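The values are calculated or read from the model by the stated rules, or taken from the named source; none is laboratory data. The structure presented is a predicted model; accordingly, all values stated were derived computationally and were not measured. Backbone-built Cβ (ideal geometry, glycine too); neighbour counts: all protein chains shown. Keep in mind that these areas ignore ligands, DNA and RNA; they rest on the heavy atoms of the full protein, side chains included. Shrake-Rupley method; radii C 1.70, N 1.55, O 1.52, S 1.80 Å.
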Amino acid sequence: MAHHALPRWWGRRAEPTSPRDTTVDRTAQGGRVPRQARLGGLPGRLGLPARSPGGPAGSADAADPADPAVTGVVLLLPDGEAESERRASALSYAAVLPLGRALARAGRSEGLLVHRVRYRTRGWNGADAHLAADATWAAEEVVRRHGDVPVCLAGHGMGGRAALRAAGHPAVNSVLALAPWLPEDDVAAAAEPVAQLNGRRVLIVHGTNDRATDPELSYRLAERAKKSNRDTCRFEVHSDGHALRQYQDEVLALAADFVLGSMYARHYARPVADALAAPPPLGLRMPLAAGFGVR
């Protein structure tokens, strides 16, 4: 029988590869491959700035790290779970698409870029706070890609908690938390921190009929935050639930007004300006009027 030489690579140990876009890894457990946080865009071209000086609208050039068309970035943080090692849910990513599309359309002429953060795992997981760590990594990745541009953390549910917790990153200038999941008050545990919100514009939106997350808990957090950060406000959506679908158009209009006002020094709509200026409880229980911003 003829002898066939083995390939040169036979028996060699594979050299480790370095991921291109991530620095957040989770140690492999039980033989599983470590997962990494990633930045994802919106379907189509909605997440891209309107135009780069050297390329057409929505071109690849528009998302180049050195492109001056990118003047600000919104990081969308989907909902998650309190404890889970499973991969993030596709449904949670789909749920933040309407918000991403609304912000991308509203800010496109300003050079606003919108990214979805793809978590390593869907669970917050106690002291590990995986979702907040992924949000912090995402803000750092924006700096690496786009330089010194303002970042807004915009999250829903557990993503809202991640946005609030990761607000201390130097690039973050504003936080939008929709129906944020917050832990129950526990005298034996430290309260959810708020010091990292100082110097940021903060908007919390909560439906009064939310059965998944307690609106009263977001009010208490906003009340503590307001004591040291006057640029904190909270809106209540009467009779709406966790998904904020009943008045979705109004919620999206409110979000766009807040984000563009915070990132580009536009004038806020009168209700937003009043909520930021008003002392508690007025500015933290501001009702979202039906028809707000809807044309």
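Every residue, every condition in (1) touching an Asp or Glu at 6+ places or on another chain (Cβ under 6 Å); (2) over 23 Å from ALA191 (Cβ atoms), yes or no:
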position	(1), (2)
ALA222	no, no
LYS227	no, no
THR232	no, no
PHE235	no, no
SER239	no, yes
ALA277	no, yes
GLY291	no, yes
VAL294	yes, yes
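Condition check ((1) free of Cβ contacts under 8 Å to residues at least 12 places away in the same chain; (2) within 30 Å of GLY293 (Cα to Cα); (3) in contact with a Pro (Cβ under 8 Å, 6 or more places away or on another chain)) across all residues:
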position	(1), (2), (3)
ASP79	no, yes, no
GLU83	no, no, no
ARG86	no, no, no
ARG108	no, yes, yes
VAL117	no, yes, yes
CYS152	no, yes, no
ARG161	no, yes, yes
ARG165	no, yes, yes
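Within region 157-180, being open to solvent by 30 Å² or more (accessible area, probe 1.4 Å) and in contact with a strand residue (DSSP E or B) (Cβ under 9 Å, 6 or more places away or on another chain) holds for one residue alone: ASN173. Scanning region 125-145 for residues that are among the hydrophobic types (A, V, I, L, M, F, W, C) and farther than 15 Å from ARG165 by Cα turns up VAL142, VAL143. Criterion applied to LEU244, LEU221 was being farther than 16 Å from LEU164 by Cβ, buried (at least 20 other Cβ atoms within 10 Å of the Cβ) and in contact (Cβ under 8 Å) with a residue 12 or more places away in the chain, and the one residue passing it is LEU244.
The residues listed here are ARG295, ARG230; of these, the one that is at pLDDT 95 or above, basic (Lys, Arg), over 20 Å from the mean Cα position of the chain (by Cα) and in a loop (DSSP other than H, G, I, E, B) is ARG230.
Of everything listed in (1) acidic (Asp, Glu); (2) out of contact with any Pro (no Cβ under 6 Å at 6 or more places or on another chain); (3) not in a helix (DSSP H, G or I), the single unmet condition for GLU236 is (2). Once region 116-156 is narrowed to residues that are of a type in the set (Lys, Arg) and more than 15 Å from the chain's Cα centre (by Cα), the residue that is least open to solvent (accessible area, probe 1.4 Å) is ARG145. Within region 181-214, restricting attention to residues that are free of Cβ contacts under 8 Å to residues at least 40 places away in the same chain and of a type in the set (Gly, Ala, Ser), the residue that is surrounded by the most Cβ atoms within 10 Å (Cβ to Cβ) is GLY207. Reported count of residues in region 247-270, each being in contact (Cβ under 8 Å) with a residue 24 or more places away in the chain and open to solvent by 50 Å² or more (accessible area, probe 1.4 Å), is 3.
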